[in-house]
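The values are calculated or read from the model by the stated rules, or taken from the named source; none is laboratory data. Predicted model, so just to flag it, every value in this text is computed and none were measured. Note that each Cβ is placed from the backbone with ideal geometry, even for glycine, and that neighbours are counted across all protein chains shown. Areas reflect the complete protein model, heavy atoms only, side chains present, ligands, DNA and RNA absent. Shrake-Rupley method; radii C 1.70, N 1.55, O 1.52, S 1.80 Å.
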Amino acid sequence: MIYFDNSSTTSVRPEVLDVYTKLLKDTYGNPDSLHALGRRSHQLLEKSRANIAQLLHVNPSEIIFTGCASESNSLAIIGYALANEHRGHHILTSNVEHASVAHSMEFLKRFGFEIEELKINEQGIVTPETVKNHMRKDTILVSIMHVNNEVGSINPIKEIEKIVHSNPICAFHVDCVQSFSKIDVPFEILDMATISAHKIHGLKGSALLMKKNKIQLVPLIQGGQQEQGLRGGTENAPANIVLAKTIRLALEEQEAGYKHVKEINEYIRKEIMKIPNTQINSPDDAIPYILNISLDMITSEVLLNALDQKGICVSAKSTCSSHSSNASSVLLAMNKTQKSATHMIRLSFDKNNTLEEAKQFIKACKEIVKEYGLSL
């Protein structure tokens, strides 16, 4: 099997799984319990928090463990808006955000918030000028992803941050799910940032929200004292503890992984364009971990299934909307053609992929085109 769907999820590292399994057996105490087993869980949990904070160059009190990136995004957006509604009701986001961000914005409209969706350009990014032109005195939050999960466009978050923070009441949240451990993330200048473990060879059901101490949030999950009172419920200590190891290993491999994946991406870009009526939808400067292409003669669903029959796993659109048969809203927002938007697939690579797998993918695409009776 060839797995080119790493933006959807990744395999769990054997060393992470080994530690997690041991923790499930030996460190199952409730971190809030006062007995020895509970104290041990609490100590390891807080050590993990401190280690993660050091890796991200923030304070331990600024790491909030959550159950998934969708929860982190929801807590950041809804939690901040409700806690700061006395300052204003205007919020900026983009028109191509992950569903967890888009749906959180829709939810806030019920409470009278004015949500403004900024249009991306043909390169798939929100320009700093666009943000500047839509900022208002009552803008309290800007939430824009770092890397687009369908085409790999990289938003200029450093430039956007300067504009956002020119307004003293406005906070900046960045969904870093597709960028973390692939390119550098400037956590020190962000107010809130989201990371997911299962995108970096960690566990599903494990994520975090980096939240600067000055940021006030309203909790979405009501309960006890856990996570500074922001996430009620017994903490998933084994998953939270092993997240530190997951993040450390991912960051240690960032430079080598980027170089390796870039070679695979460049090879497929070059070879896929030798097939007539093929389009590359990802911009030239996109992150190399994601490559979005369209074969004009084959729809997304047909191509995905044909590749699946050959043992090659890819996605059509973002996985969070994969069961929808509609055209890719991201490609349409980039002014791509309707055909490109309905004939696209997303390839996403990681350190475990090989150049040989890339060659097999190209070979499979050529075979599929021939099987459909179209001359190469």
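Of GLY79, ALA306, ILE154, whose Cα points farthest to the positive end of the dipole of the chain (charges on the beta-carbon: +1 Lys, Arg; -1 Asp, Glu; origin at the Cα centre)?
GLY79
Is the C-alpha gyration tensor of segment 325-376 telling us rounded, prolate or oblate? Criteria: a/c under 1.5 is rounded; beyond that, a/b larger than b/c is prolate, otherwise oblate. Before the final figure, lay out each step's value.
Numbers: a/c = 3.15, a/b = 1.28, b/c = 2.47.
Since a/c reaches 1.5 but b/c is at least a/b, the shape of segment 325-376 is classed as oblate.
Quantify, in whole percent, the carbon and sulfur part of the accessible surface of segment 225-305 (1.4 Å probe; protein heavy atoms only).
Exposed carbon and sulfur together represent 46 percent of the surface.
May I ask you to give the solvent-accessible area per residue for the chain, in square angstrom, as obtained with a 1.4 angstrom probe?
On the way: 16230 Å² over 376 residues.
Ligands and nucleic acids excluded, the result is 43 Å² per residue.
Scale the Cα Rg of segment 1-85 by the rule-of-thumb value 2.2 N^0.38 Å and send over the ratio, two decimals.
That works out to 1.40 for segment 1-85.
Taking the chain as the region of interest, what is the percent of Cα-Cα pairs per 20 angstrom bin, listed from the shortest bin to the one with the maximum distance?
Once binned at 20 Å, the Cα pair distances of the chain give 28, 55, 17, 0.
Accessible area of segment 336-376 with a 1.4 Å probe: how many percent of it is carbon plus sulfur?
Values: 1020 of 2030 Å².
Here it works out to 50 percent.
Is there a quick way to get the dipole size of segment 173-225? I mean about its Cα centre, with the Cβ of Lys and Arg at +1 and of Asp and Glu at -1; what is the value in debye to the nearest 20? Display every interim value, and only then the final one.
Values: 6 positive and 4 negative charges, 28 e Å.
My answer is approximately 140 debye.
Keeping all protein chains in position, work out how much accessible area SER70 exposes to a 1.4 Å probe, and write it in Å² to the nearest 10.
Accessible area of SER70: about 40 Å².
A 25 angstrom limit on the alpha carbon distance is what I want to check against. Which of LYS274/LYS336; LYS211/LYS262; LYS199/LYS370 exceed it?
Result: LYS211/LYS262; LYS199/LYS370 exceed 25 Å.
Within a Cβ distance under 15 Å of GLY223, other residues only, what is the Lys/Arg minus Asp/Glu net charge? Don't skip to the answer; put the middle values down first.
Details: positive: ARG231; negative: ASP32, GLU71, GLU227, GLU235.
Around GLY223, the charge tally is -3.
Ignoring ligands and nucleic acids, what accessible area does GLU129 show with a 1.4 Å probe (Å², nearest 10)?
Number for this one is 110 Å².
State the percent of C-alpha pairs, over all pairs in segment 117-235, separated by a distance greater than 21 angstrom.
When all Cα pairs of segment 117-235 are counted, 45 percent exceed 21 Å.
Mind listing the phi-derived Karplus ³J(HN,Hα) values for segment 275-290, rounded to whole Hz, using 6.51, -1.76 and 1.60 with θ = phi - 60°, and x for any glycine or proline?
8, x, 6, 10, 10, 9, 8, 5, x, 4, 9, 5, 4, x, 6, 10
Please report the antiparallel percentage of DSSP beta bridges with both residues in segment 145-303, rounded to the nearest 5.
65
For segment 117-211, with all protein chains present and a 1.4 Å probe, just round the carbon and sulfur fraction of the accessible area to a whole percent.
50
Does segment 54-164 classify as rounded, prolate or oblate by the C-alpha gyration tensor (a ≥ b ≥ c root eigenvalues; a/c under 1.5 gives rounded; else a/b over b/c gives prolate, otherwise oblate)?
Here segment 54-164 falls in the rounded category.
Find out how many positive minus negative residues lie around GLU62, taking Lys and Arg as positive, Asp and Glu as negative, among other residues whose Cβ is under 11 Å from that of GLU62.
+2
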